[in-house]
Amino acid sequence: MTRTALIIGGGPAGLMAADILSAAGCAVTVAEAKPSVGRKFLMAGKSGLNLTKDEPTDTFASRYFEANPHLAPMLCAFGPVQVRDWATALGQEVFTGSTGRVFPRAMKASPLLRAWLAQLVTAGVTIHTKWRWTGWDGPACTFDTPTGMTRLIPDITVLAMGGASWARLGSDGHWAHILAANGIPTALFRPSNAALSVPWSAPMARQFGQPVKQVRLTTGKDTVMGECVITAKGLEGGAIYALSRPLRDGAALMMDLMPDWTAQRIATRLSRPRGKTSLSNHLRKSLNLPPAKLALLQEFARPFPADPPDLTPLIKALPITHTGPRPLDEAISTAGGLPWSALTPELMLKSRAGTYACGEMLDWEAPTGGYLITACLATARHAAQSALASSG
Ligand SMILES: Cc1cc2nc3c(=O)[nH]c(=O)nc-3n(C[C@H](O)[C@H](O)[C@H](O)COP(=O)(O)OP(=O)(O)OC[C@H]3O[C@@H](n4cnc5c(N)ncnc54)[C@H](O)[C@@H]3O)c2cc1C
């Protein structure tokens, strides 16, 4: 008899689970709360859709912090090489950028999502949109749908409802309340890859939108070289995201504005006579400081010391006063969610046989760089393949 599989959530994790289960002959239904699937995936495509990173699997898996032991076997089975092959098989040529990040040549998600959905429809997958999972009623999954409450009793259920950021795209984290009501506690959601709130003074408004290139950011023992952008709300961009974990725990942030220059070289330049030149102009001319960096120095190093070389320690370690990460909903991804302790190694809920979970709803986090989508796909494959194996 044909096995029935229900996938709840139509993001990349849910669609990958649907793919595996339908290819194995299951009658698959995807239930998606929003009017269309893959909304966050499409949003990820707006910045080019960084699918994965071209690096050895061991290095790749080491980027998932405490979740590494859980995820490493899944990433070994479906890691950077397999993600490239998968996208290529869907007709999407991919390329590797200078930093090793892998993107579809189209630099967006819509062609890939279209091809993927066409493949799923051909495989007989039924996709119901505007179906919001509301919980369990005995063996049944219950849904709010446009035609009222609906119940389904599948052989296999895969939960793939995402994390708890960008709620307008569907991943509102509300599922955590449903699980809690069923005795499955979740780890607190926390912003990951999040921008930083900085209470700027009024003059900083001139810098909003300006990139701050080639800086070294330090929080305690964590150091990142990279760039960020000054926004009306604070600082965002790769280097800030990479320090999300310590920053959300309240770590102080230091910025080296000239990481390629030694303190000695900066001090020597600043010792040059400046005549009647203002200190700002002296800084700009002798150090070639771009306006955004000069503005940061003025924001956080005022009042300037009388003797210019005394500014050197601040140029090398400028304390950035911040009030922590931007709110959870603005984060690119979320830490927390369904804890590993609630799951078997097959990603089945210990308290509910036949129900599996995958994607960003699991308790892991990783930096940007393609690690997020890759782990969503890898956990979805693992959950779906485990479900097939155990349901015979
Ligand atoms: C701006 C931005 C850029 C990003 N760029 C990248 C990138 O370049 N590379 C990368 O690796 N990652 C990127 N990410 C992260 C990546 O998009 C996510 O990690 C990924 O989409 C998570 O996949 P998922 O399937 O687990 O969850 P989601 O994609 O969040 O999908 C979950 C789905 O479940 C549905 N759902 C939720 N609750 C219910 C319910 N009760 N009933 C039914 N359906 C429900 C939601 O509507 C949603 O469609 C980016 C994220 C953002 C916000």
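Each reported figure results from applying straightforward, stated rules to the coordinates on display, with no laboratory input. Model, not experiment: these values are computed from the prediction. Because the Cβ atoms are built from the backbone with ideal geometry, glycine has one as well, and the counts that use them run over all protein chains shown.
Results, tabulated for the structure shown:
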{"quantity": "Karplus-derived HN-Hα couplings along the range 365-380 (A = 6.51, B = -1.76, C = 1.60, θ = phi - 60°), whole Hz, x at Gly and Pro", "calculated": "8, 7, x, 6, x, x, 5, 6, 4, 4, 5, 4, 5, 5, 5, 5"}
{"quantity": "Rg ratio (alpha-carbon, reference 2.2 N^0.38 Å) - the chain", "calculated": "1.14"}
{"quantity": "Packing-based exposure ordering (other Cβ within 10 Å, fewest first) of Phe103, Phe208", "calculated": "Phe208, Phe103"}
{"quantity": "Antiparallel bridges, percent of DSSP beta bridges restricted to the chain (to nearest 5)", "calculated": "70"}
{"quantity": "Test item: Cα-centred dipole of the range 39-194, Lys/Arg +1 and Asp/Glu -1 on Cβ, debye", "calculated": "600"}
{"quantity": "Exposure proxy order (Cβ contacts within 10 Å, fewest to most) of Asp260, Asp329", "calculated": "Asp260, Asp329"}
{"quantity": "Cα gyration tensor, the range 239-380 - rounded (a/c under 1.5), prolate or oblate", "calculated": "prolate"}
{"quantity": "Residue-by-residue Karplus 3J(HN,Hα) for the range 178-190, coefficients 6.51, -1.76, 1.60, Hz, glycine and proline x", "calculated": "5, 5, 4, 5, 9, x, 10, x, 10, 6, 3, 6, 9"}
{"quantity": "Folded to 0 to 90 degrees: helix 12-23 orientation relative to the chain principal axis, Cα", "calculated": "30"}
{"quantity": "nm² value of the averaged projected area, convex hull over the Cα atoms of the range 196-320", "calculated": "7.4"}
{"quantity": "Helix axis angle, 80-89 relative to the chain longest principal axis, alpha carbon, degrees", "calculated": "60"}
{"quantity": "C-alpha center-to-center spacing [the range 74-127, the range 131-153] in angstrom", "calculated": "31"}
{"quantity": "Taking Lys285, Lys316 and counting other C-beta atoms within 10 Å, the order from fewest to most", "calculated": "Lys285, Lys316"}
{"quantity": "Three-way shape call for the range 255-296 based on the alpha-carbon gyration tensor, with the a/c threshold at 1.5", "calculated": "oblate"}
{"quantity": "Charge sum, other residues only, whose C-beta stays under 13 Å from Ser391's C-beta, Lys/Arg counted +1 and Asp/Glu -1", "calculated": "-1"}
{"quantity": "Using alpha-carbon coordinates, inclination of helix 110-122 to the longest axis of the chain, degrees", "calculated": "10"}
{"quantity": "Placed amide H near Ile127: partners under 5 Å, 5+ positions off or other chain", "calculated": "Val30"}
{"quantity": "Amide H contacts of Phe189 (H built 1.01 Å from N, under 5 Å, at least 5 apart or other chain)", "calculated": "Gly337"}
{"quantity": "Derived scalar couplings ³J(HN,Hα) [the range 156-165; Karplus, 6.51 cos²θ - 1.76 cosθ + 1.60; whole Hz; x for Gly, Pro]", "calculated": "10, 10, 10, 8, 8, 9, x, x, 9, 10"}
{"quantity": "Loop trypsin sites (Lys or Arg not before Pro), the range 161-268 (other Cβ atoms within 10 Å of the site Cβ: 16 or fewer; DSSP)", "calculated": "Lys221, Lys233"}
{"quantity": "Estimated [θ] at 222 nm from DSSP helical runs (n ≥ 4, -39500 (n - 2.57)) normalised by residues in the chain, nearest 500", "calculated": "-9000 deg cm²/dmol"}
{"quantity": "Value of Rg to Rh for the range 75-164 (Rh from inverse mean 1/r over Cα pairs, i.e. Kirkwood)", "calculated": "1.09"}
